[in-house]
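FYI, it's all coordinate maths here, none of it is from the lab. None of these values were measured; they are calculated from a predicted model. In this analysis, Cβ positions are derived from the backbone assuming ideal geometry, glycine residues included, and neighbour counts consider all displayed protein chains.
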Amino acid sequence: MTHLVSQSQKEPGNVHYQLAQDVFTPHHYTLIEHWKDDAAIEFHNQTEHFLSFLNQASQLFSEDVVILKYINE
């Protein structure tokens, strides 16, 4: 996941990309992302490092990856 984070932080349109570990449940992680716009998200979703991460996720995690999108208004 550190490779995903480091590569994502270099992408155009990335404002913030951070990996956080749950303090109370150490085997739970959250990726916190902030993108300039939807076009930046679409670009990110097609990158090799993101697609590779999704491909490996089923082998890395015991639960499904959940992606939530929030709008800051």
(request) Give, as a single signed number, the net charge of other residues whose beta carbon lies under 15 Å from the beta carbon of residue 40, with Lys and Arg counted +1 and Asp and Glu -1. (result) -2
(request) Give me the number: length gained by fully extending residue 41 to residue 23, i.e. 0.36 nm times residue separation minus the C-alpha to C-alpha distance, one decimal in nm. (result) 3.7 nm
(request) Take every Cα pair under 8 Å in the chain that's 6+ residues apart, average their separations, divide by the length, and report that relative contact order as a whole percent. (result) 24 percent
(message) With n ≥ 4 as the cut-off for DSSP H runs, can you work out [θ] at 222 nm for the chain, using -39500 (n - 2.57) per run divided by the number of residues, rounded to the nearest 500?
(response) -11500 deg cm²/dmol
(request) For a footprinting-style exposure proxy, rank 41, 67 by other Cβ within 10 Å, fewest first. (result) 67, 41
(message) When 1/r is averaged over all different Cα pairs and the result inverted, which Kirkwood radius in Å belongs to the chain?
(response) 13.2 Å
